[in-house]
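Any read-out appearing in this document is the output of simple, stated calculations on the displayed coordinates, not a laboratory observation. What you are looking at is a predicted structure, and each value in this text was computed from that prediction instead of being measured. All Cβ positions, even for glycine, are placed from backbone atoms using ideal geometry, and neighbour counts span all protein chains on display.
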Amino acid sequence: MITLEQSSKITMYQTITDTIKLYLVLFTGIPGFKVRFEAFTANLLLLFKQSQEKEHVITATPQLKKLRKQLIDAAHSISSKALAYGVNVKNELIISENKISKRALNNSTHQNLVTKCELIYTRAFALKTELLVYLVTEDMFTLFRELIDEFRASIPAPRENKNQISETIKTMDQLFKANNQLLLEMDQLAEILIESQPATYRAYKAARKVVKTAKRIKSVTGKITELGTNLPLKGVTIAFYANGQELKAAENSNIKPIVVKKSAKKGGFIDSTLTDGSYLAKVMRTGYKPQSITVVIRSGETTRLMVEMEKE
């Protein structure tokens, strides 16, 4: 079994990889970034492979095989419907998060399958209202949750050769060390984006945080488009106030929003600093009617805002 710290780092590596891919043209345009990113992703693939070897061949009982198949079927069903939603609303983040083939799930070790299913569940549950139209019901979420928990509890402890364990641990340590150094260099290169692409830079910094797997991440993402045309709107201000404070802020200039975000070129924005609670998001851009939306942040869930702005 890989440690919690290693699992958290691998999750961060995957998150930073997904974020960079969303803005790939910007990042690969930075001198020296592309070669480091390619080495980083190659190491990440090796880490996945080594972690699978560390949790190698476990003899599965017929009952465990049946449970595993049920879990994979449920995961693929929900992720494919979330993917369809992402394609329909043209949300690149949702699309990238849910491009998961059944073959990839089948090829996962037991523990990695649990990790992947947890991610699918968390991301889809945050979209449960939107996914109702795609026939993802509350009962499907309940069943999926039960299958994940039952499968996790049913996984037997692996039997491993001591020499093989030692060699795998050594290789993984080297890969972690190499990727940590590459990340430091990528961090320095990404500083170029602070002024020219502040939203992209903030998304990169948010993805760089190592979040303990047990605690999971708290975040809000969204996309702002123009009503009627569905064109993405860049430079939209999204100001988050503690619920009830927004009205007071109109009368008292000393009351400031907790977080202020700006939509990027494709209309997207990301924030991972808001803690659990209810907020009021004020969405504003010159030439468009402002909107106020209540947002609820819950631990382990990603809240998504899809806002259509009407011209004045």
Inset, instruction - Measure out, as a whole number of angstrom, how far apart the alpha-carbon centroids of region 179-195 and region 94-133 sit. - result: 29 Å
Inset, instruction - Give me VAL114, VAL236 ranked fewest to most by other Cβ atoms within 10 Å of their Cβ, as a rough exposure proxy. - result: VAL114, VAL236
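Of TYR85, TYR23, how do they rank once you tally other Cβ atoms within 10 Å and put the fewest first?
Values: TYR85 19, TYR23 22.
Going from sparsest to densest Cβ surroundings: TYR85, TYR23.
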Inset, instruction - Could you point to the residue in ILE148, VAL114, PHE48 farthest towards the positive end of region 4-154's charge dipole, with +1 and -1 charges on the Cβ of Lys/Arg and Asp/Glu respectively? - result: PHE48
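How would you rank VAL89, VAL295, VAL283, going from fewest to most other Cβ atoms within 10 Å of each one's own Cβ? Please list the in-between numbers first.
Details: VAL89 15, VAL295 19, VAL283 23.
Neighbour counts put them in this order, fewest first: VAL89, VAL295, VAL283.
Do any of LYS234/LYS311; LYS9/LYS256; LYS177/LYS205; LYS116/LYS234 go past 23 Å between their Cα atoms, and which?
Working: LYS234/LYS311 14 Å; LYS9/LYS256 34 Å; LYS177/LYS205 20 Å; LYS116/LYS234 32 Å.
Result: LYS9/LYS256; LYS116/LYS234 exceed 23 Å.
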Legend entry - Burial ranking of peptide ranges 116-123, 98-105 (average Cβ count within 10 Å, highest at the top): 116-123, 98-105
